[in-house]
Amino acid sequence: MMTGLFISELERTFKRKKTAAVLAVYAGLLAFIWFFFQRGGISFFDAAHDVKIDSLNSAPLLLRDLSFAITFIVIPMLVADSFNGEYTSGALRMVLIRPHHRVKLFFVKWAVQCLLVFIILCITWVVGTCLGRMVMPHVNETTFLGGQTVGTVGALLYSLKFYGICFCIFIAVISIGSILSVLMPNSILSYVATIGALIGSVYVSDKLSFFFSVTDSVFRELSRPNSEFLVNLLFPILLISLIINLFVWKKKEWVG
């Protein structure tokens, strides 16, 4: 039953024109950024630390240049279209009149959005890693923020950890966006509300700045020994947002 729901949601997602448009825009941005990425040869860990791009650090630095688009364009648009677009168009009512448990349907929709972002990150990582090895200056070791000098294996592990933490942050963005998409009356307001919440989080607390500058925050966290960022901050936010999602999802009057 759960597999059938997942496949059905996946099919509906990829049949939407907005999904194709968003993915096409991201693919164009990826090609555009890479073109200037390799020509410039310089990137940044954050606003205060620049770095020369080489064959070992290219994957994390490529995501740094693309993370803003993922956070403020790709995720809000996909989530708003999935959670709000189907509701306002009436498509979700057709799904909910069948004997599907609301909680299962929510987790299926949420999981599909997470899968889309995971695929986007995998493609970005492959492009950054492979083209970095082929095009950027070859080195046997590289240094990341905080003075961490690593070799080929260390750089690979750093890159995977970097993308993994970014993925966790993007999941939290998906969860927050899904709450607002259910509450807002249309997709445009859902998108605007999600953007507003992400920007507004910076003014709530400096600790939430990772929603606005994802990769800069991850570089800083990885430069700190024994950082407990995931356990103490990100996972609790993710858990709370999921609980709120389930509460709102159950209380929402989907079928009128």
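The values are calculated or read from the model by the stated rules, or taken from the named source; none is laboratory data. Computed from a prediction, not measured in an experiment: that's the story for all the values here. Glycine gets a Cβ as well: all are built from the backbone with ideal geometry, and neighbour counts include every protein chain shown. Note: accessible area is taken over every heavy atom of the protein model, side chains too, but ligands, DNA and RNA are not part of it. Shrake-Rupley method; radii C 1.70, N 1.55, O 1.52, S 1.80 Å.
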Sulfur and carbon atoms: percent of accessible area, segment 100-256 [1.4 Å]: 70
Accessible area per residue, Å², the chain with all protein chains present, probe 1.4 Å: 48
Distance histogram in 10 Å bins (all Cα pairs of segment 161-256, percent per bin): 15, 45, 28, 10, 2, 0
Angle between the chain longest axis and helix 187-204 axis [Cα atoms, degrees, rounded to 10]: 50
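If R₀ is 45 angstrom, what is the calculated FRET efficiency for the pair Ala24 and Tyr203, using the beta carbon separation as r and rounding to 0.05? Don't skip to the answer; put the middle values down first.
On the way: r = 34 Å, r/R0 = 0.75.
With a Förster radius of 45 Å, E is 0.85.
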Longest exposed-site-free window of the chain, the sites being GluC sites (Glu not before Pro) in a DSSP loop that have at most 16 other C-beta atoms within 10 Å: 1-140
Sequence-distant residues sharing a close amide H with Val139 (under 5 Å, placed H): Ser55, Leu56
Cβ-placed point charges (K, R +1; D, E -1), dipole of segment 201-256 about Cα centre in debye, nearest 20: 220
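Among the listed pairs Lys17/Lys251; Lys161/Lys207; Lys15/Lys52; Lys18/Lys251; Lys52/Lys109, which have their C-alpha atoms separated by more than 32 angstrom in this model?
Those over the limit are Lys15/Lys52; Lys52/Lys109.
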Within a Gaussian network of the chain (alpha carbon springs, distance under 10 Å), most fluctuating of Pro225, Pro236, Pro60: Pro225
Protein accessible area in segment 29-85, 1.4 Å probe - carbon and sulfur %: 65
Accessible surface of Asp81 - all protein chains present, 1.4 Å probe, nearest 10 Å²: 20
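When the solvent-accessible surface of protein heavy atoms is calculated with a 1.4 angstrom probe, in what order do Met136, Met77 fall, highest first? All intermediate terms of the calculation are to be shown ahead of the outcome.
Numbers: Met136 15, Met77 80 Å².
Greatest to least solvent exposure: Met77, Met136.
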Sorted largest first, extent of the chain alpha carbons per principal axis (Å): 62, 35, 31
